[in-house]
Amino acid sequence: MRREGLAKDSDIWTDKLRDLRLWASYRGQTLSRTVRGMMYYYRALKMLTFLDSASEMDIREGARELVSMRHDDLESSNSKSPSSKSLSRASSSVSLLFKGHEYGTALMKFTYVIACQIYGTQKEKKDPHADEILYLMQNNEALRVAYVDEKTTGRDEKEYYSVLVKYDQQLQMEVEIYRVKLPGPLKLGEGKPENQNHAIIFTRGDAVQTIDMNQDNYFEEALKMRNLLEEYRSYYGIRKPTILGVREHIFTGSVSSLAWFMSAQETSFVTLGQRVLANPLKVRMHYGHPDVFDRFWFLTRGGISKASRVINISEDIFAGFNCTLRGGNVTHHEYIQVGKGRDVGLNQVSMFEAKVASGNGEQVLSRDVYRLGHRLDFFRMLSFFYTTVGFFFNTMVVVLTVYAFLWGRLYLALSGVEESMESNSNDNKALGTILNQQFIIQLGLFTALPMIVENSLEHGFLQAIWDFLTMQLQLSSVFYTFSMGTRSHFFGRTVLHGGAKYRATGRGFVVEHKRFAEIYRLFARSHFVKAIELGLILVIYASHSPVATDTFVYIALTITSWFLVASWIMAPFVFNPSGFDWLKTVYDFDDFMNWIWYSGSVFAKAEQSWERWWYEEQDHLKVTGLWGKLLEIILDLRFFFFQYGIVYQLGISDHNTSIAVYLLSWIYVFVVSGIYAVVVYARNKYAAKEHIYYRLVQFLVIILAILVIVGLLEFTKFKFMDIFTSLLAFIPTGWGLISIAQVFRPFLQSTIIWDGVVSVARIYDIMFGVIIMSPVALLSWLPGFQNMQTRILFNEAFSRGLRIFQIVTGKKSQS
């Protein structure tokens, strides 16, 4: 800025404020960055038009001008590379040589339509965002904005119009180009495809390139677009292409290790993966949004977006399905690329993966996949299966394998069958070998193979191996195991119950600490509860299995499962900035308890109230059918098995294997439920005014419990350790009862039982929160762990930003 003539540094907040804001915007995933990137097409077209018609003298003069500018810039800045400002000056000097027809030709060939459906509402409300969009139109003459205009005609009646506007440079104002009346409100289906459908009528030309708002472009790539469009004339197989696939360049990989893992995974898919899908497999669909569509072909065959609510939540791939079913041809071209931003925080990444996994669950149920399955030949069908639905199905099978193995070993241990098997130790060795194969898939080593191949092609073999080893040291296996859990949970739940929903990930700057309550809300049901269940099985197995006496065999059998449990519990904190800061951990726990016990208004959001969040987590049970409810109940019955297995191991059972022992154990469940109900009733009635009665009830309950324990110790074979062992049996039973009660919510909600269910569910969530917080608190308490986490997981700039953020927040809290 000083080189551009900035006199005082304070002027940057006044005269140069817009430049500063643009500078910041070009470093995020913002609309202005995307507009700047797409406008390179306009600049490239003007340049190409000039070169097509320029004489040799014009070109020589332009080259001389560029050389002199380069020389001046090197002298003034004394640096090796010219700044972006000097490049723009160079392009403006070349534009002085333009004859004038270049602008008209470029505008005939290219327009950029932004589908911003809320622009009209923003203008009405005098929203500053509307001024920013106007500023973008003012500075980019090839830019158009399509929005939905709402006009109130009567008392309750509204008319809706699709409107296209541009900025007229001569009139110095925004002018309307088209206004098309709509039959009703725009957003009937999913928002994003509806938005595309309303804007596509305003596009012109033979080809449409669909671009998301998290993308960028490069001038040298824009020059190649003319070559790409020539591909429409070539035959690929027996047909000409209808979708030209373009590779993506993920530009967010340098933010943190997590962004790097995501970037590496995506890069291998959008390059090597899609190249193989296009040729020889011929099953490439439309996955992202730099692909170029044959506009006329698609307009006459149902458009580029299907927008039915829920089923088309992954709207982009349905364009590929539609194209393949209607005889189109999808290709992939690697000589041109478009920039693409990806999510960089674990919460954002998980929400994105949840959306994709839910979308795949909906694809399983869609008629498009059904028709493709019927019409593709056998080999293409196998390729199609693995590259769409099959990838998520296989991920779910891997997780279910862990479940089946652990539940099977637990059954063998508790039933005593394992003792008779103990003599044949070869079985365990064979089983350990099988599990190690599963571990390779679980760690993401299997999915990392394409990544290594792609990196070795682009950067060299040694660099690819070094990157892979660096990733392992930065805990990429923890991330891949965690994301496997995300995919399997949301895919399975969508197939079982439906009800997928769009999740807005935000794509913000992620140099901020996420609170524990927020992490718990996101991952409690998908990861934490499942990890606690598997951890409980492993603990019971360790204490009751004869195999566990041989430490090495136990470790060989269960290390993969322990790694899964640790990854599912710890990953959100490991990848959370300042995740192991002791003060933040203390504040987070206070915040979590406030959220749990929130007793505000009934209109509170899930972020404020535990009860609202708990109801929202059951939403999928509202939309599910009879079979979905039945399967949910059958799956929840597994929690009763803990009680069935453990009661026979208690000292009080005295090795009795009669079914009566199990039935008698249910008396304990009913007694505890009754005592809890009495204590809650006493608290509600007496705790506020007649406190002495409440204390009396508590005293009586404690005395009764002591008398019962003394009586059992005296007259039965009851051991004191049975108290702790029975907790492992009865806590899962309570969770199973709550889970089944949620399925029967329509019948129970109007009864007195429901209040008890909500109350007990709250205590379970507190218990889960404490279990998950314990290892985090321990690691936060250990000195030096926080600095190590920051150093390993974030790059230098990010670590510095994190420290600045800590200093600033520290000052705020002190003031």
Review point. So which trypsin sites (Lys or Arg not before Pro) in region 139-220 pass both tests, a DSSP loop state and at most 11 other Cβ atoms within 10 Å of the Cβ?
Key: R155
Exercise for review: Using every pair of alpha-carbon atoms in region 164-255, split the distances into 5 Å bins beginning at 0 and state the percent of pairs per bin, rounded to integers.
Suggested key: 2, 8, 13, 15, 17, 17, 14, 10, 3, 1, 0
Revision key, fill the gap. For the chain, the per residue accessible area (1.4 Å probe, Å²) is 52 Å²
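Order these peptides, 749-756, 608-615, by their mean beta-carbon neighbour count within 10 angstrom, highest first. List each step's numbers first, then the result.
On the way: 749-756: 12.2, 608-615: 18.5.
Per-residue Cβ counts within 10 Å, averaged per peptide and sorted highest first, yield 608-615, 749-756.
Which value results when the Cα radius of gyration for region 460-619 is divided by 2.2 N^0.38 Å?
On the way: Rg = 19.1 Å, N = 160, 2.2 N^0.38 = 15.1 Å.
Normalised Cα radius of gyration, region 460-619: 1.26.
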Check your understanding: Mean 1/r over all different Cα pairs, inverted: what Kirkwood radius does the chain give, in Å?
Key -> 31.0 Å
Review point. Taking amide H positions as placed 1.01 Å from N in the peptide plane, with prolines and chain starts having none, which residues 5 or more places from L182, or on another chain, fall under 5 Å of its amide H?
Key: Y160, Y161, S162
Exercise for review: Report the antiparallel proportion of the DSSP beta bridges in the chain as a percent, rounded to a multiple of 5.
Suggested key: 70 percent
Review point. Which peptide among 680-686, 776-782 comes first, and what is the full order, when sorted by highest mean count of other Cβ atoms within 10 Å?
Key: 776-782, 680-686
Exercise for review: Kindly provide the helix-only [θ] at 222 nm of the chain, computed as the sum of -39,500 (n - 2.57) over DSSP H runs of four or more divided by all residues, to the nearest 500 deg cm²/dmol?
Suggested key: -20000 deg cm²/dmol
Practice item. For K192, list the lysines whose Cα falls under 19 Å from its own Cα; do not include residues on the same chain fewer than 8 positions away. Key: K306, K340, K355, K501
Check your understanding: In terms of modelled amide H atoms, which long-range or inter-chain residues lie less than 5 Å from the amide H of G339?
Key -> D216, N217, Y218, H249
Study note, to complete from the structure: Sorted by chain and then number, the residues having a modelled amide H within less than 5 Å of the amide H of H333, at least 5 places away or on another chain, are G245, V246, R247
Practice item. Project the alpha carbons of region 205-342 onto their principal axes and report the range along each, largest first, in whole Å. Key: 44, 38, 30
Exercise for review: Could you give the size of the charge dipole of the chain about its Cα centre, using +1 on the Cβ of each K and R and -1 on the Cβ of each D and E, expressed in debye and rounded to the nearest 20?
Suggested key: 1100 debye
Practice item. Taking the dipole about the Cα centre of the chain, with the C-beta of Lys and Arg at +1 and of Asp and Glu at -1, give me whichever of F718, Q786, G327 is farthest to the positive side. Key: G327
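I need the peptides 707-715, 24-32, 120-128 ranked by packing, meaning the mean over residues of other C-beta atoms within 10 angstrom, with the highest value on top. Could you put the intermediate results ahead of the total?
On the way: 707-715: 11.8, 24-32: 16.2, 120-128: 13.3.
Output ranking for 707-715, 24-32, 120-128: 24-32, 120-128, 707-715.
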**Study point:** Distance between region 146-165 and region 710-775 - C-alpha centres, whole angstrom
**Key:** 55 Å
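In region 89-188, how many lysine pairs have Cα atoms under 15 Å apart, counting only pairs 8 or more places apart or on different chains? All intermediate terms of the calculation are to be shown ahead of the outcome.
Details: K123/K151; K123/K166; K125/K151; K151/K181; K158/K181; K158/K187.
Lysine pairs meeting both conditions in region 89-188 amount to 6.
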Review point. Taking only the alpha-carbon positions of region 624-750 and ignoring solvent, what does the Debye formula give for the base-10 log of I(q)/I(0) at q = 0.15, 0.19 Å⁻¹?
Key: -0.89, -1.11
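The values are calculated or read from the model by the stated rules, or taken from the named source; none is laboratory data. Bear in mind the structure is a predicted one, so any value in this text is a computation, not a measurement. A quick note on method: Cβ atoms are made from the backbone with ideal geometry, for glycine too, and the neighbour counts reach across all protein chains shown. Each accessible area value is taken on the protein alone, full model and side chains, heavy atoms only, with ligands, DNA and RNA left out. Shrake-Rupley method; radii C 1.70, N 1.55, O 1.52, S 1.80 Å.
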